[in-house]
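Here the structure is laid out as structure tokens; the discussion comes afterwards.
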Amino acid sequence: MELVIVESPAKAKTIENFLGKGYTVKSSYGHVRDLPKKENSIDIENGFEPKYEVLQDKKKVIKELKDLTKKADRVWLATDEDREGEAISWHLAEVLKLNKENSKRIVFHEITKSAILSAIQNPRDIDVNLVNAQQARRILDRLVGFELSPVLWRKVKPSLSAGRVQSVSVRIIVEREREIQAFKSEDYFKLSAIFQLESGEKLKAEYPSKIDNKSDLLKILEDVKSGDFKVLNVETKPTKRNPSAPFTTSTLQQEASRKLGFSVSQTMGVAQKLYESGKITYMRTDSVNLSDTAIAAAKNEIVKSYGAEYSKSRQYSTKSKGAQEAHEAIRPTYFNNHTTDGPSQEQKLYDLIWKRTVASQMAEAQLEKTTIDLNNGKVDFVAQGEVLKFEGFLKVYNESKDEEDEEEKVDGLLPPITKGETLLLNSFLATQKFTHHPARYTEASLVKKLEQLGIGRPSTYAPTITTIQKRGYIEKGDREGVERKYTVVSFEGNDQKEEIKTENTGAEKKKLFPTDIGIVVNDFLVENFDKVLDYNFTADVEKQFDDIAEGKNTWNSMLKEFYTPFKKDVNEALEHSEKATGERLLGQHPKTGLNIYARIGRYGAMVQMGETDSEDKPKFASLKAPLTIATVTIEEALKLFQLPKSLGTFEELEVSVGVGRFGPYVKYDKMFVSIPKGQDPLELELNEAIELIKKKKEVDANRLIKQFDEDKNLQILNGRYGPYIKFGKSNVRIPKDKEPKDLEYQEVLEIIEAQDKKKKK
């Protein structure tokens, strides 16, 4: 019997179908060993030697694999082809005590029969250099986390954590937020005009520059009306647009975010399923290369589907120096499968990958760009148009752009026109515009930035972005726009008029915002650990991992070089650094004269009135979005100190409103009711609070299915996922063959007892 060990059960099932009889394919379900969570487990004095342990939830898996290895004639370690996969194979070999005589390492970047059989025919040993590179990353990240986190506990607040790549990612977002806060918007005018040709056709042209102010605008407008315009020059030249390279992990994450609205982690989860089911090649790669077989298959499909003129085979080269983790870009396994079955998300992502890959092997788009220069002796105007002569790859795919990369749209087809022709001014429109602050990061644009800086690797982007959100350092959310007035000056038929219009501006969707605690932690780390938080240093560490993977450096010496000065900085910060709260003095109370501060407290951002070392205890109020330590005003803080306040009574019991650790609330007797998002607790009226109380009572009443006289703490409730038993702080599932409302007290106790026994096993 031949035993093949892969990472995931879905992958195991697919491969087993290809190999047939004589092969048993089993999954390790990812990593089987790691550094223990509750201790450092790194022997620093002994060359940073790690002490691994089998993960608790993998002990059963390891026992099964050990039993199978004893029966197997040969063991094939077929984990993923990146560093992480190499490390998983190494850990399996160590734990299962495999020897080189009857075990081999195989890799493949696509799950097809030919790829699997080819891998078995070309086995290799475990690449120790790749393993060491992964070990170095894991150990370094553990050292940084274990050393920095206690510093944050003492100097900022308990339960915080730090990470080598995560903290740098937070810094990127914090710095962008500060750019935005410091940004001063400036207004300008943009002028366009419609001209009438001798043929009677119309031509739209633009004034070539921004107009700084209204007085300059009015002067230019008088010059515009002072004489007829002539065509000074007509220039038409052919242009080309080339297709983008096939997807890497990073570009797939970016494009799936822009086109499909997927989060980075969502993209990777869906791509993993497509790979494991044999529909696409390995999805963790920074390579843009395609195999000769793939290029030939793509060409065949293009010629068959669109015609030979649409085909142009190309090989792309990877710009990144560290690109070494996979042989090919992300592509469809079979190009003749234009679509795939399965869930909607898988269909959409597969469609994106198929189109991008096929387009990369198609002919350029052929365009014709025309530029027309106009002048009346005083003022220049320019008209531009672009005509698509041959669509080429655009027939299949067109890449999206980030907000900051958006260009001015070029007009389409222009009317026939000749040099020297006289044009009549038909109308003009001057619109007041405003400069925009730098765009906040989306998950997609953050991935792009991390890649540009050389921070992290394809496999780390998704977990990094997920982690900084879970830690509460970053929030992904929306912001409503604000109303803004702007001026429009228009002219038509000798009638010039000026209007004041309004627009909604500044609305944002799915953007990454730093939280107050994220900003405070970032500032503390930058001040005390500037080297670790430095972008170039972080990128250089990645290059050192690459050197280890290539056998150019040893992981022990690399870690020693990092750790010695780093540990010195840790000790220095613990001994000498001030406690960080992000404290900002807002002003004084108008009546009492007490200072009012915004700062981080034990439970998060808050405002404080009075001094902590004063005999009179200070008053506190929680800060909730959109208010932040950096932006809250003295007026807003004073309003918060009006809470909690009484609204009146309902059914002879007091109703009050306040803001707590988890947000604004209505208190009624012992009941707390959350106030809906966007509703100002200071503006809440008694009748509105009563409605919230009634709704809460109705929900609670519908929630209770049964309560027992024998024990009031024992209840059967309706939950989000169906009925369940609540006993004290424990929640217990109800067996499917039981009707919740018919359960008797003794039956419920038996169900609880049965579940307790199951947990102990």
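Out of 131, 165, one residue alone is closer than 30 Å to residue 16 by Cα and either of a type in the set (D, E, K, R) or surrounded by 21 or more Cβ atoms within 10 Å (Cβ to Cβ) (or both). It is 131. Checked against (1) under 25 Å from residue 547 (Cα atoms); (2) out of contact with any helix residue (DSSP H, G or I) (no Cβ under 7 Å at 6 or more places or on another chain), residue 39 meets all criteria but (1). Looking only at region 335-390, residues that are out of contact with any Leu (no Cβ under 6 Å at 6 or more places or on another chain) and either of a type in the set (A, V, I, L, M) or at positive phi (or both) come to 13 in all.
The one condition from (1) aliphatic (A, V, I, L, M); (2) surrounded by fewer than 15 Cβ atoms within 10 Å (Cβ to Cβ); (3) modelled with pLDDT of 90 or more that residue 363 does not meet is (2).
The residue list 147, 110 contains one member that is more than 25 Å from the chain's Cα centre (by Cα), surrounded by 19 or more Cβ atoms within 10 Å (Cβ to Cβ), of a type outside the set (A, V, I, L, M) and farther than 20 Å from residue 84 by Cα, which is 147.
Restricting attention to region 722-749 and to residues that are closer than 16 Å to residue 700 by Cα and without any contact (Cβ under 8 Å) to a residue 24 or more places away in the chain, the residue that is nearest to the chain's Cα centre (by Cα) turns out to be 722. Of all residues in region 293-307, those that are closer than 10 Å to residue 335 by Cβ and buried (at least 21 other Cβ atoms within 10 Å of the Cβ) have Cβ atoms under 7 Å from Cβ atoms of residues that are at pLDDT 95 or above and basic (Lys, Arg), 6 or more apart or on another chain, in 294/331. The criterion of at least 1 residues that are over 37 Å from the mean Cα position of the chain (by Cα) is met by the following helices (runs of 4 or more DSSP H) wholly inside region 1-98: 9-19, 59-71. The set of residues in region 579-593 being touching a residue at least 12 places away in the same chain (Cβ under 8 Å) and small (Gly, Ala, Ser) consists of 580, 582, 587. Within region 278-295, the set of residues being small (Gly, Ala, Ser) and under 23 Å from the mean Cα position of the chain (by Cα) comprises just one member, 287.
Of the residues making up region 703-721, those that are under 44 Å from the mean Cα position of the chain (by Cα) and exposed (fewer than 10 other Cβ atoms within 10 Å of the Cβ) number 2.
The values are calculated or read from the model by the stated rules, or taken from the named source; none is laboratory data. Computed from a prediction, not measured in an experiment: that's the story for all the values here. Don't worry about glycine lacking a Cβ; one is built from the backbone with ideal geometry, like all the others, and counts go over all protein chains shown.
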